[in-house]
Amino acid sequence: SLIFDKNDEIGYCQIAKVASSTWCNHFIGLANVTNKDYYRWRNALQIYAPTLWPAPSTNVQSRWGEVTSIVIVRHPMSRLASVYYQKFIELYQNKGWAGLIESIIQKYRGEGEKGPEDQPTPNEFIRFVLDDLHKNPHAVDQHWRPQHLSCPFCFLEFSVYARMEELDQDSVYFFSQSNLTSRVDYKQKLNSAHAASSTEKKFWSSVNKELIAQLEEPWAYKTDFDMFEYSVAQYLEHLGITL
């Protein structure tokens, strides 16, 4: 969803599991909300921020072009590992995820296969995601929805096209261009524990090669890989995983 801070003349399109908590937090800080309101919304920053800075209701393209804007993308495989560890491991007892986790285990864990009783394995999770993308393309959860479908890349132009892997430099550039370095703690990162390459290596080492190959299907993440110039082979090589 779009966030449009007309006062500071900046805009942002958030994509779930691509530093969205951190960046929505930046925009909430610029709104000078009370501590009480922040505490009330602390677990739903991505919902709260757009209510404070809603997108223009008319002339969106022209008005968007008047501000300094940013969109951030991430390697699709890094993003999937992050979703898994945060939503399906850390929050496995959360009522918002427990039901889905139970159904994944029931459907994708074969008889005699080993795995935690109340958490899906990486392989089970990826099987579920691929089936979801293939069979329910118009109703995919935002946390694993392809990134090119999460922001209007063909409708709006962004001042900064940032990558999660280079976000420190891109953040400095964006807030410097916007003259906001004194008002935003751009070094702050929320939920960054899920971005460790060690956890990503552990995750993808547990996923079948046949499933990894399917990530590049047109109905899966091929457009993300092509559009944002990411590679499956280079990513796995960087993690020290051979197919």
Proximal aspartates and glutamates to K201, defined as alpha-carbon separation beneath 12 angstrom and excluding residues fewer than eight positions away on the same chain: E237
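Compare H148, H238 by solvent-accessible area with a 1.4 Å probe and give them largest first, with all protein chains kept in place.
The most accessible residue leads, giving H238, H148.
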J(HN,Hα) series, the stretch 7-13, from Karplus relation 6.51 cos²θ - 1.76 cosθ + 1.60, nearest Hz, glycine and proline x: 5, 9, 6, 9, x, 8, 10
Separation between Cα centres of the stretch 141-205 and the stretch 225-243, rounded to whole Å: 18
Phi-based couplings in Hz for the stretch 170-186 (Karplus 6.51, -1.76, 1.60; Gly and Pro marked x): 5, 5, 4, 4, 4, 6, 5, 4, 8, 6, 10, 4, 7, 10, 10, 8, 6
Accessible surface ranking that places the most exposed of V172, V71 first, with a 1.4 angstrom probe: V172, V71
The stretch 108-243 - accessible surface per residue (Å², probe 1.4 Å): 60
Estimated distance in nm for a label pair at L100 and E66, the labels positioned 7 Å out from Cα along Cα-to-Cβ: 3.8
Protein-only accessible surface order, largest first, of K17, K107, K36 at 1.4 Å: K36, K107, K17
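Take the residue pairs K135/K202; K107/K189; K36/K135 and return only those whose Cα atoms are more than 32 Å apart. All intermediate terms of the calculation are to be shown ahead of the outcome.
Working: K135/K202 28 Å; K107/K189 36 Å; K36/K135 42 Å.
Among K135/K202; K107/K189; K36/K135, the Cα-Cα distance tops 32 Å for K107/K189; K36/K135.
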R40 - accessible surface, heavy atoms, 1.4 Å probe, Å² rounded to 10: 150
In Å², nearest 10: area of D37 left accessible to a 1.4 Å probe: 50
Free-standing Cys residues across the chain, given no other cysteine C-beta under 4.7 angstrom: C24, C154
Accessible surface of the stretch 1-106 [probe 1.4 Å, protein heavy atoms]: carbon and sulfur percent: 47
Relative contact order computed over the chain (Cα-Cα under 8 Å; 6+ residues apart), in percent: 27
With DNA, RNA and ligands ignored, accessible area of K222 (1.4 Å probe; Å², nearest 10): 80
Set of aspartates and glutamates with alpha-carbon distance to K187 below 15 Å, sequence-local pairs under 8 removed: E165, E166, D168, D170
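The values are calculated or read from the model by the stated rules, or taken from the named source; none is laboratory data. Since we're looking at a predicted model, the values are computed, not measured. Here the Cβ is made from the backbone with ideal geometry for all residues, glycine too, and neighbour counts use every protein chain on show. Heads up: the accessible areas ignore ligands, DNA and RNA and are worked out on the full protein's heavy atoms, side chains in. Shrake-Rupley method; radii C 1.70, N 1.55, O 1.52, S 1.80 Å.
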